[in-house]
Structures are given as structure tokens and as C-alpha cells.
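The values are calculated or read from the model by the stated rules, or taken from the named source; none is laboratory data. These numbers were taken from a predicted model, which means no experiment stands behind them. A quick note on method: Cβ atoms are made from the backbone with ideal geometry, for glycine too, and the neighbour counts reach across all protein chains shown.
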Amino acid sequence: MSDFKQKFKSIVLWSLIAAAFIGPGTVTTASLAGASYNYALIWALVFASLTCFVLQEASARISIVSGNELPSALLSISKSNRFMRFLVYLIAISVVIGCIAYQAGNMTGALSGIQLFSPANRLVFLSFIFVVIFLLLYSGSYQKVAMVLSILVAIMGFSFIYIVINGPHNWAEVGSGMIPTIPENSWLILMGLIGTTIVPYNLFLGSGLGSGQTLNTMRFGLFISIIIGGIISISILINGSLIDGEFSFVSLAESLNPVMGNQGALFLGIGLFAAGFTSSVTSPMAAAILAKGFIQNKKVNIYRLTWLIVLFSGLFFSMLDFKPIPLIVLAQALNGMILPLAVILIWITVNHPLIMKNKLPGIAYNMAFFIVSCIVSIIGLTALNNQSEKLLSATLSNEFIYLISGVISIITAIIIYKVRLLPGVHSS
């Protein structure tokens with residue numbers, strides 16, 4: 001019974017990861033994928049979920065084995081290399097800025113969910129969720145936050161899955177979406193599906209959650225959490241296939257009316273609210289874990305100061321009545337551009353003898369990381385390419401992006417091989 005309780009607590013704790021990556025960004029991107037390409041990109045969410053597990057497991061493994069959370073571990077391996085130290089701080093600053101951008105989109109997305117079935121007063125509602133989030137984060141307990149958010153994740157999952165079950169879907173076609181295909185002009189949405197599932201700040205959040213756990217317990221809870229998150233994301237994509245015309249949260253709700261009547265807007269609104277609210281809690285928490293590891297100051301509570309800054313920033317920008325979808329796009333652009341650097345540094349760290357001692361990963365683990373590195377490099381370069389096209393009217397070909405991504409991953413693998421040769425340590 002004690003083993004069952006331990007596993008259940010682990011699932012509840014790691015549900016924070018599902019709560020973090022299923023926000024308004026996932027609802028937006030997955031719905032767009034369904035609206036634009038029907039069920040054809042379901043496989044991308046399956047793949048993204050597996051990739052997410054590899055990266056989150058590495059982040060938590062570093063924390064569990066070394067006894068140091070990811071920020072401290074990254075500072076340790078970059079101590080003697082100024083360029084690497086620069087990259088580490090660049091990631092830290094970018095992730096915090098990304099959390100602020102996500103926070104505004106999360107809070108506004110939660111409001112959009114409520115407004116689908118109730119005329120919520122903007123000022124009152126945003127103030128209310130601000131106070132609730134403040135109290136949750138002020139408690140300082142991961143377990144308390146996880147318990148509340150796990151309930152909301154369950155409600156969110158039920159809402160989106162209920163809509164799928166009641167929708168007029170061709171289940172044979174849904175099943176065919178598991179077969180990898182890339183429809184014409186779908187590349188950007190495909191990268192968006194992967195990018196909205198693998199979020200850089202989640203890697204730091206996962207590192208904080210891993211402290212004090214065993215590797216086996218962590219893997220079990222994390223795996224179940226990501227499976228649940230993947231199923232919810234796929235449900236959102238399937239629901240998006242019902243949209244006829246331009247995407248918006250309102251058009252998504254209206255697409256459900258012929259099938260479910262007012263129930264559709266109710267369940268969609270509840271799901272969208274839960275997605276926005278849960279991510280509104282995890283975003284400032286992740287930024288705080290990151291800042292606490294990078295800034296050592298005994299006179300100031302860096303953890304609390306950071307989540308307060310992110311939370312107040314989100315409230316401020318939400319009060320300005322920005323539209324949620326552009327905010328979400330901005331956050332995803334920051335996410336896509338910084339993710340490759342984070343993955344490369346984590347890959348090096350999880351193979352570093354001074355950090356991982358006698359727990360270095362084997363060949364199969366590193367092969368999986370090589371593939372992940374290639375993919376996220378493509379995501380990052382594609383995001384950078386899109387910004388270059390808008391600002392400079394200059395673009396790189398997809399073939400060149402693939403080549404550069406492969407070269408980056410090969411160079412990283414060579415660096416890791418040399419790092420693993422440090423004396424006095426053996427792989428296990």
C-alpha cells in the first residue's frame with residue numbers, strides 16, 4: 001500500500017508538467033492543426049510527448065543524482081568557460097522573459113475560457129485569479145500546488161475528451177493520423193505542436209520537482225503525467241477539426257453547437273479556463289526555480305521575488321486587454337529560439353562526470369538525445385528563420401536548416417564524448 005501511495009503522490013506531483021505545457025498555447029496550436037489539416041498531425045503530438053519525456057527525465061535526473069537543481073548544475077559545468085557561461089545566462093534571461101510573455105497569454109486565455117459561457121467582468125476575474133495564484137505560490141509547497149492543479153488537469157482532460165466523444169468524428173481517420181505524414185504547407189504548425197509541448201521553462205520546473213525523489217519514482221510519475229498531457233493535447237486537435245473558417249476560441253465553441261448545443265461552449269470554456277489557470281501557476285513557479293539557482297542572495301528571497309514579478313507582469317499586460325493569440329505566438333517564438341541551447345547544455349550536463357558521478361547514461365540514451373537535439377535545432381532555426389523573413393525579407397531553405405541542425409548535434413556529440421573521458425568515472 002505504501003508503494004501505491006508513493007506512486008500516486010508522484011503522479012500528482014508530476015501532473016504539474018502536464019499542467020504547465022497544456023496552456024492556451026497548446027489549445028491554440030493544436031486546434032489550428034485540427035482545423036487546417038484534420039487529423040493528419042496527431043502523430044506529431046505523440047512524438048512531441050515522447051521527446052518531452054526524454055528531456056524532462058534528463059532534467060530531473062540531474063537534480064536527483066547530483067543533488068543540485070538544473071540552474072546550479074549548468075553553472076558548475078560552465079565555470080571555466082566564459083562562452084558557455086554566457087549561453088547559460090542567455091538561456092536564464094530568455095526563459096524568464098518567456099515566462100512573462102506566457103503569463104499574460106495564460107491569464108488572458110483563462111479569461112477567454114470563462115467568457116465563452118459567462119459574461120465575466122475582466123477586472124474582477126483577473127484580480128480573482130491573481131489572488132488565488134498568489135496564495136498558492138505563497139504557500140511555498142510543491143505538493144499543495146500539485147494537488148490543486150492535478151484536480152484542474154483532471155477537469156480539463158474530462159472537458160476536452162467529453163467533447164471528442166460527443167463529436168462527429170471518423171475514428172478510422174483519427175487512427176490514420178498516427179501514421180507520420182507532413183501535409184503541404186504544414187511545416188510551421190508541425191513545429192508549433194512540438195514547440196508547445198516541449199517548453200524550456202518546464203525543464204527548470206521539472207528539475208525543482210525532482211529534488212528528493214528516486215529515479216524510478218520520478219520516471220513513473222513523469223511518464224504517466226506526460227501520457228495524460230499527450231491525450232489531452234490530441235483531444236484538442238481532434239476537436240479543432242470541427243472548425244470551419246478562421247480560428248478563434250469563439251469559432252471553436254461555435255463549431256460545437258450543431259453537435260452539443262450550449263454544452264459545447266460550456267465544456268470548451270471550462271477546459272480553456274483550466275488550461276490557462278494551471279499554466280498561470282506553473283509559469284511563475286518555473287521562473288522562480290530558475291532564478292533561485294542562478295542568483296545566490298541570502299538577504300533577498302529570490303524565489304518569491306521572481307514569481308511575484310512574473311505574476312504581476314502577467315496581470316499588468318492582461319489588464320491592457322491584449323488579444324491572447326498574439327501573446328501566445330510571441331511566447332512560442334521565444335520558446336522555439338532558446339530551446340536548442342537549453343537542450344544542448346542539458347545533454348552535456350547529464351553526461352558530465354563531475355555532475356553525474358557514476359550515473360552516466362548509456363549509448364541508447366545518448367542516441368535518443370541526439371535525435372531530440374536535431375529536432376529542437378530545426379525548431380529553433382525555423383523560428384529564427386521566420387523572424388528573419390519578417391524583419392529582413394531573407395530566408396534560409398529547409399534543406400540548409402536540416403544540414404545546420406545535424407552539424408550542431410554532431411559537434412555537441414563530439415564535445416560530450418570528450419567530456420565523458422574525464423578520468424575516474426565509469427558509465428552505468
Requested in this report: Sort through T217, T282, T196, T278 and tell me the only one that's among the β-branched types (V, I, T), in contact with a Lys or Arg (Cβ under 8 Å, 6 or more places away or on another chain) and in contact (Cβ under 8 Å) with a residue 40 or more places away in the chain.
Outcome: T217
Query raised in the report: What are the residues in region 389-428 that are of a type in the set (V, I, T), at pLDDT 65 or above and not in a helix (DSSP H, G or I), if any?
Result: T395
Query - 3 or more residues crowded, with 22+ Cβ neighbours inside 10 Å and either out of contact with any helix residue (DSSP H, G or I) (no Cβ under 9 Å at 6 or more places or on another chain) or of a type in the set (V, I, T) (or both): qualifying helices (runs of 4 or more DSSP H) within region 205-302 - result: 215-240, 262-294
Report task. Take I371 and decide whether it is assigned to a helix (DSSP H, G or I), under 19 Å from Y201 (Cα atoms) and modelled with pLDDT of 85 or more. Result -> no
Report summary line: Per the list (1) surrounded by fewer than 23 Cβ atoms within 10 Å (Cβ to Cβ); (2) within 19 Å of the chain's Cα centre (by Cα), residue check on C99 breaks on (1)
Query raised in the report: If you go through region 40-53 one residue at a time, do you hit one that is over 16 Å from the mean Cα position of the chain (by Cα) and aromatic (F, W, Y)?
Result: yes
Report task. Please verify whether region 153-167 includes one or more residues that are among the aliphatic types (A, V, I, L, M), modelled with pLDDT of 85 or more, in contact with a helix residue (DSSP H, G or I) (Cβ under 6 Å, 6 or more places away or on another chain) and within 20 Å of P284 (Cα to Cα). Result -> yes
Query raised in the report: Here are Q332, Q263: which of them is modelled with pLDDT of 75 or more and closer than 30 Å to S241 by Cβ?
Result: Q263
Report summary line: Of the residues in region 1-43, those that are hydrophobic (A, V, I, L, M, F, W, C) and assigned to a loop (DSSP other than H, G, I, E, B) number 4
**Report entry** Cross-chain or 6+ apart pairs with Cβ under 8 Å, region 1-30 first and among the hydroxyl-bearing types (S, T, Y), then outside any helix (DSSP H, G or I)
**Finding:** S10/Q213; T28/F247
**Report entry** Odd one out for Y89 among (1) assigned to a helix (DSSP H, G or I); (2) closer than 27 Å to T278 by Cβ; (3) touching a residue at least 12 places away in the same chain (Cβ under 8 Å)
**Finding:** (2)
